[in-house]
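Working notes, beginning with the structure itself.
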Amino acid sequence: MKLSAPALVIYLMADDGMVELVEAAVRGGATAIEIGIPFSDPLADGPTVQRAGQRALRNGMTMARALALVAELRTRVDVPLVPMTYAGPVLAYGERRFCAALADAGADGMIVPDVPHDEAGELLDACREHGLDLVPLLAPTSTDERIALACAGAGGFVYLVSVAGTTGSRERLSDRVAPLVARVRPHTALPLLVGFGISSPEAARAVMDAGADGVIIGSKAIEEAEQGGAQGLERFVSGVSEALNRASIATD
């Protein structure tokens, strides 16, 4: 996939009303959309994303419905679409079958946070067979060996986790982000995007100042949509987009 720079990826849960929210996020300046496919045991999800996932499951969201939603979104927006789910649903569906279905729906890549990239094996092969990028996650605790292995097979971008733990809005950017960017940068030419805890335009600007190429925002985006609907989400995304663009100009 090709990401516009600076990258602003907005995470939203596959659920009723998602199409309107995605269109609003893209109008606000989102350069890609991460689509959460709900799972009953979401290891990396904080309270906000868990709440959204539980709501989606209560509303009857299934893997088949999520794939249909990806296909509908592909007809509505022209930014990359990157579904995120866990190993359990992928294995239950079948790795190659899942990748084929995602590609048919128009997805550009996928994120499976509980499958280490250096252990992805068949999943990585299936992604390559169907033209999908498998995005790895790296954290401040990742070893240099794991960073090298993950970057060797990475596609699309590299997801840098700002903190150890689960997703969720935080008051300030972790001081571990800049050192992590510096450790990963020599291993790949792909964009380095920072997620987990990014909740404001100021935090997004701090990510750019730390040397990254963009941000991924999930919990705060969901909260803004819950509180203000599509209009509230669009306003929030627009503010973050403006901050990223100003930071990008300042560093050029």
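The values are calculated or read from the model by the stated rules, or taken from the named source; none is laboratory data. Just so it is clear, the model here is predicted, and its values are computed rather than measured. As a convention, Cβ positions derive from the backbone with ideal geometry for all residues, glycine included, and neighbour counts pool all protein chains shown. Side chains are part of the model used for accessible areas, which takes the heavy atoms of the whole protein and leaves out ligands, DNA and RNA. Shrake-Rupley method; radii C 1.70, N 1.55, O 1.52, S 1.80 Å.
Structural remarks
- Kirkwood Rh and Cα Rg combined as Rg/Rh, the chain: 0.93
- Computed per residue of the chain from DSSP H runs no shorter than four, each worth -39500 (n - 2.57), the mean residue ellipticity at 222 nm is -15000 deg cm²/dmol.
- All distinct Cα pairs of region 59-130 go into the 1/r average, and the inverse of that average, the Kirkwood radius, is 12.5 Å.
- Share of carbon and sulfur in the accessible heavy-atom surface of the chain [1.4 Å probe, %]: 49 percent
- For region 171-213, the C-alpha radius of gyration sits at 1.10 times the compact-globule guess of 2.2 N^0.38 Å, with N the residue count.
- Over all projection directions, the Cα-based convex hull of region 7-152 averages an area of 8.6 nm².
- The gain in end-to-end length when the Ala189 to Ala64 segment is fully stretched comes to 41.6 nm, 0.36 nm per residue minus the alpha carbon separation.
- Farthest positive-ward along the chain dipole, Cα basis, beta-carbon charges - from Gly88, Ser219, Gly153: Ser219
- Region 1-89: Rg to Rh, with Rh as the Kirkwood radius over Cα pairs: 0.95
- Pairwise centroid distance, computed over Cα atoms, of region 1-23 with region 195-233, Å: 12 Å
- In terms of packing, defined here as the mean over residues of other Cβ atoms within 10 angstrom, the peptides 9-16, 97-104 line up highest first as 9-16, 97-104.
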